Amino acid sequence: MKSFELVMPKTLDEAIAALPESGQPTERVRVLAGGQDLLGEMKESLVTPERVVNLKTVPGIEGHEPTAEGGLRIGALTRLIDLERDEGLQGSHPMLVEAAAAVATPQIRSMGTLGGNLCQRPRCFYYRNPHSPCLKKGGTECFSYGGLNKYNAILGGGPSYIVHPSDVAPALVSYDAVFTLLGPAGEREVPADSFFTLPSSGEVTRENVLAANEIVTAVTLPAGREAWKATYLKVRERDSFDFALSAVALALKMNGDLIEQARLTLGGVAPKPWRCTSTEELLVGRKIDEETCRLAGEDALRMAEPLEQNGYKVPMTQGLIRRALQALAS
Amino acid sequence: MAVQDSSPTTWGPREDMRLLNADVPRVDGPLKVSGRARYTHDIRLPGMLWGKILCCPYPVAKPTLDFDRAQAVPGVRVVLPIEDGLRDGWTRRLGTPIAAVAADTPEAADDALAALNARYEEGDWAVNYDQAVAPDAPKVHEEGNIRHLQVDGDEAAAQGELDGCDAVVEAIYTLPVQFHACLETHGVVVDYRGEDEATIYASTQGTFTIAADAAQILGLPQNKVTVLVEHMGGGFGAKFGLDVPGRIACLLAKEARAPVHLMLSRADEFHTAGNRSGSTQYMKAGANADGKLKGLVARIWKFGGVNRGANPGQPYIYDVPTSYAEAMSILTHTDGSRAMRAPGHPQASFAIESVVDELAASLGLDPLEFRKKNLASPVYHRQLDRAAKEIGWAAHPNKLGPPAELPDRAVGIGFGVATWGAGGRPTCEVDVRIDQDGSVTSSVGTQDLGTGTRTYVASIVAEELGLPVSAVEPRIGDSRLGASVASGGSVTTPSLAPAVKDAAHKAREALFAELAELLGSNPRNLRAKDGVVFDVEESDKRMNWKEACACLAPAGIEARGTFQRGLAGNGVHGAQAAKVEVDTVTGELRVLKMVCVQDIGLPLNRLATRSQMNGGVIQALSYGLFEERVIDPWLGLGLNNGFEEYRIAGTKDIPEIVSIIDDEDRRDQVLGVGEPVVIPGQSAIANALFNACGVRIRDLPLTRDKIINGLTAL
């Protein structure tokens, strides 16, 4: 591993000061939270930063507190295992708890953080192999497109076909969460759905709008979501430890038997958490029944363009949507 | 005193045994669970250097390396080109070692590998079937890529038999290349300081398979090289001999005149430490409406990389009156296959157990009864019945397949059977020593693969001398001790345990001869039990163990035992059943329960035996559900070179396991069952999947993409 300078800031201001002055993408500096992705990337020489800024030495960016508006603000350094074990959250925001609990293994969740999970890099075979000069790493070709693409995107792909690896992100999108980003000019608020980018619309070597001189410091859930029904379901190849083949984050505001509002976000199938806006609209005013399950599944995957080996994600995701609707109906 | 007495001809009555045929916790268990057991990885020596290897990531390539730059890295002592895997400068397989370094720290060694700044000219390669058999395929072997044709039977006769069958199934079954996935990677620590002797700490399945080659490289006589195998972290057939890391470590140590620690990196372990060969098997099998198999035509392609691969042939265990099987190896530019826990058998099992299951289904017959009709041995009948009972077959509502309307969560049951030889051979020399203070030592150079060898090296002696296991000190894993076999083919126990018994028997007889004189007893009337030696006919003639041993001459007793053919058996069966649940909406498969029934002759340690059965079931489950080497055929790169992408079963994937020792096997002989218990598990799971939901998957692993696709196609 290349030697690097480890910066241990005492405050967020010190942390920001240790980042590059410019927000332009750079390999030179990386922010360390739980380290569960970054250290692996450094060991594989996928990134070779000259400086690593360790946020764990900054107090006050973990835990959660209610906001003045009745929402919930969660510090980015909150460990996933603390979200998973939080009895209050289990009652108020079960979808977030389920998503946190679906990440990797207990060992990784006891190190990994909320912010780190949102900013982790893709798991694509070709991105992770140090010898394949893929598009994601600044190369010229997405090898998964014509190569081994069983785990790759069926929605929103091109020119890169990675899938976003986060479990927590789809849940936060479905909760209409807002991310707080701190930079040299102060804080800015970005809705979860706008934080993540597609390779066709953003920088192909990145997955979000976070600038090189910014840090995600908090995630805020809006007021009232306690009254919604919500669940996060995930299919993985190996139950003990795996990223999603497909995942569904579904939140419903019910009025008796009828759906009044809906949020549906898919994980594991697109380069970003895939919000299904038209399906959400379709669900409004409907009962949860067989036909609703079928229509929702069809609509959510209507735009799917599977590659050679990942067509299975279509029926699998439709099955998960059905399971999620059934779970919230009961 | 020297011992000349006769050898034992029996293990003795089972009802008299206290420690054998009983649950005995392994003696090194506390060391292992507390992390105190010292593995080769853990060895640290004064002045020790860290060795690392650079392996070529491409199958066929011409590397260019900057040795001067690597040599200039601070802390680097030796940089060596490794050229024995190259031909005219070109590698011949993926993962070929091309350079090695030794440095003061592992970080400096890594930096030196990076400083080699490897550049590769890529050649033409063949890493899969299509590439290997293409008309213009680059040749792995100068005589071509299709090699080692074997033919067994008369194809026309078998085909004729099939033409008259009531049901015929014709299908292709495929198994991927699987890795041994030892938790301790391959490697050694060579303690050589430029003097006239060396000690090699090795993670190996054969204490006595290392010294000759190491001595040759180091330029020492073989009797100046000691090999130590205190604990080793898994082998499964891949760890024999000095091997690649051992050879390179010796070269580095010789050059540096300093000890070298060289364990393969996890990534290199995947492509230069062997694998279980892949297999594609065409099967055309026929049966009559009465459920009797009539004919089989099988064509077997083995994928062992640069090696042959393994498959015992078809129809494997089943009785097929007229069969024809041809087998050949398809060579590719990938790491050579090695022996892996029942070489070739899990592959053969999957094809025959699947085709048998498909025939039963097409004839509308109970798959359990169908199997019994085509297995001659009554042992299989009783074992299958026992497995069926434990898995709940009688109460299972869908014996002939799933109902027309699939439930959201469908449950199914499947079966499979095993066979293995597991005989013993004369090699082992065991020394049992009784000292004047009553301490007892049982010594032999054998390695313990984690199966419990160390424990029975003590417990057989303790049984014989009427002592607790803790009263016998087992000494193993040292080439200066008595010879032992390498652990392959489940032969360790049938080869070694009779020699331990022989040594213990002789030591006891020698002790009784001494005491008989002292007590005025006939030595035949003496017994050793519960720490007391006594005369069965005169109850006042008794001494406790310490008193008895205090009577010995200062030299104590030393007895050497050798292999006793009558105490070792040969040949086992085995049956397994799996119960699974399939989520028919999402394609998720979960194994709920597995049953393993295994004959083993006399179980030396029932707890360790069941533990080995559990391990076999888990390894087969992992093979069936997850494991598969992935190489991009166009880029030539291995894509799953770590335990994240190369999935092995974890705790949440492992079901209830019921491991049953078949006690109807009354043979007064010991056997090994490391191999048979790993053979049929994946076959039983695949059959259970079909039984649950009607999806027949003919290529392992049984991943969720295939299941949901199968459900969609129903």
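May I ask you to list the residues in the stretch A:230-249 that are part of a strand (DSSP E or B), of a type in the set (A, V, I, L, M, F, W, C) and within 14 Å of chain B (Cβ to nearest Cβ)?
The answer is A:Leu233, A:Val235, A:Ala244, A:Leu245, A:Ala247, A:Val248.
Residue-wise test of (1) at pLDDT below 95; (2) part of a loop (DSSP other than H, G, I, E, B); (3) surrounded by 22 or more Cβ atoms within 10 Å (Cβ to Cβ).
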| residue | (1), (2), (3) |
| --- | --- |
| B:Cys549 | no, no, yes |
| B:Glu581 | no, no, no |
| B:Pro603 | no, yes, yes |
| B:Met613 | no, no, yes |
| B:Glu644 | yes, yes, no |
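If you scan the stretch A:213-254, which residues turn out to be surrounded by 20 or more Cβ atoms within 10 Å (Cβ to Cβ) and among the small types (Gly, Ala, Ser)?
Result: A:Ala218, A:Ala230, A:Ala244, A:Ser246, A:Ala247, A:Ala249, A:Ala251.
What is the residue count in the stretch A:320-330 for residues that are touching a residue at least 60 places away in the same chain (Cβ under 8 Å) and within 12 Å of another protein chain (Cβ to nearest Cβ)?
6
When you scan the stretch B:199-224, how many residues do you find that are open to solvent by less than 10 Å² (accessible area, probe 1.4 Å) and of a type in the set (Val, Ile, Thr)?
The total comes to 4.
Looking only at the stretch B:430-443, decide whether some residue is in a strand (DSSP E or B), farther than 29 Å from B:Ala548 by Cβ and either not assigned by TED's automatic domain parsing to the domain that holds B:Glu390 or not small (Gly, Ala, Ser) (or both).
No, there is no match, as no residue in the stretch B:430-443 is in a strand (DSSP E or B), farther than 29 Å from B:Ala548 by Cβ and either not assigned by TED's automatic domain parsing to the domain that holds B:Glu390 or not small (Gly, Ala, Ser) (or both).
Each row is one residue, and each column tells you yes or no for (1) charged (D, E, K, R); (2) within 14 Å of chain B (Cβ to nearest Cβ).
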residue: A:Glu189; (1), (2): yes, no
residue: A:Asn208; (1), (2): no, no
residue: A:Trp228; (1), (2): no, no
residue: A:Gln261; (1), (2): no, no
residue: A:Leu266; (1), (2): no, yes
residue: A:Pro271; (1), (2): no, no
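Just a yes or no: is a residue in the stretch A:301-319 more than 11 Å from chain B (Cβ to nearest Cβ) and under 16 Å from A:Ala249 (Cβ atoms)?
Yes, there is a match, as at least one residue in the stretch A:301-319 is more than 11 Å from chain B (Cβ to nearest Cβ) and under 16 Å from A:Ala249 (Cβ atoms).
For every residue, the table says whether it meets (1) facing another protein chain (nearest Cβ under 9 Å); (2) over 22 Å from B:Ala132 (Cβ atoms); (3) open to solvent by 20 Å² or more (accessible area, probe 1.4 Å); (4) touching a strand residue (DSSP E or B) at 6+ places or on another chain (Cβ under 9 Å).
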| site | (1), (2), (3), (4) |
| --- | --- |
| B:Val617 | no, yes, no, yes |
| B:Leu625 | yes, yes, no, yes |
| B:Val630 | yes, no, yes, yes |
| B:Trp634 | yes, no, yes, no |
| B:Thr651 | yes, yes, yes, no |
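Could you check the stretch B:662-701 and list, in sequence order, the residues that are over 30 Å from B:Thr9 (Cα atoms), of a type in the set (Val, Ile, Thr) and either open to solvent by 10 Å² or more (accessible area, probe 1.4 Å) or outside any helix (DSSP H, G or I) (or both)?
Within the stretch B:662-701, B:Ile679, B:Val695, B:Ile697 qualify.
Return the only residue of A:Pro94, A:Pro122, A:Pro59, A:Pro49 being open to solvent by 40 Å² or more (accessible area, probe 1.4 Å) and not basic (Lys, Arg).
So the residue among A:Pro94, A:Pro122, A:Pro59, A:Pro49 that is open to solvent by 40 Å² or more (accessible area, probe 1.4 Å) and not basic (Lys, Arg) is A:Pro59.
Taking the criterion of being closer than 30 Å to A:Val103 by Cα and more than 10 Å from chain A (Cβ to nearest Cβ), would at least one residue in the stretch B:669-683 satisfy it?
The answer is yes, given that some residue of the stretch B:669-683 is closer than 30 Å to A:Val103 by Cα and more than 10 Å from chain A (Cβ to nearest Cβ).
Quick grid of which residues meet (1) at pLDDT below 95; (2) among the β-branched types (Val, Ile, Thr); (3) surrounded by 24 or more Cβ atoms within 10 Å (Cβ to Cβ):
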position: B:Gly452; (1), (2), (3): no, no, yes
position: B:Glu463; (1), (2), (3): no, no, yes
position: B:Pro468; (1), (2), (3): no, no, no
position: B:Val472; (1), (2), (3): no, yes, yes
position: B:Ala483; (1), (2), (3): no, no, no
position: B:Ala486; (1), (2), (3): no, no, no
position: B:Val500; (1), (2), (3): no, yes, yes
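Is the stretch B:564-572 home to any residue that is in contact (Cβ under 8 Å) with a residue 12 or more places away in the chain, assigned to a strand (DSSP E or B) and more than 30 Å from B:Phe626 (Cβ to Cβ)?
Within the stretch B:564-572, one or more residues are in contact (Cβ under 8 Å) with a residue 12 or more places away in the chain, assigned to a strand (DSSP E or B) and more than 30 Å from B:Phe626 (Cβ to Cβ).
Inside the stretch B:131-194, counting only strands (runs of 3 or more DSSP E) that do not spill past its ends, which hold 1 or more residues that are under 34 Å from the mean Cα position of the chain (by Cα), buried (at least 22 other Cβ atoms within 10 Å of the Cβ) and not β-branched (Val, Ile, Thr)?
Of the strands (runs of 3 or more DSSP E) lying wholly inside the stretch B:131-194, those with at least 1 residues that are under 34 Å from the mean Cα position of the chain (by Cα), buried (at least 22 other Cβ atoms within 10 Å of the Cβ) and not β-branched (Val, Ile, Thr) span B:167-175, B:187-192.
Which one is nearest to B:Ala249 (Cα to Cα), of the residues in the stretch B:45-74 that are small (Gly, Ala, Ser) and open to solvent by less than 30 Å² (accessible area, probe 1.4 Å)?
Of everything passing the filter in the stretch B:45-74, B:Gly51 is nearest to B:Ala249 (Cα to Cα).
Quick check, is B:Asp42 farther than 30 Å from B:Gly561 by Cα, more than 14 Å from every other protein chain (Cβ to nearest Cβ) and open to solvent by 20 Å² or more (accessible area, probe 1.4 Å)?
Judged against the criteria, B:Asp42 is a match.
Within the stretch A:130-151, work out how many residues are open to solvent by less than 10 Å² (accessible area, probe 1.4 Å) and assigned to a loop (DSSP other than H, G, I, E, B).
3
The values are calculated or read from the model by the stated rules, or taken from the named source; none is laboratory data. As the structure is a computational prediction, the values presented were derived from the model and not from experiment. All Cβ positions, glycine included, derive from the backbone under ideal geometry; neighbour counts span all protein chains shown. All accessible areas refer to the heavy atoms of the entire protein, side chains included, with ligands and DNA or RNA removed. Shrake-Rupley method; radii C 1.70, N 1.55, O 1.52, S 1.80 Å.
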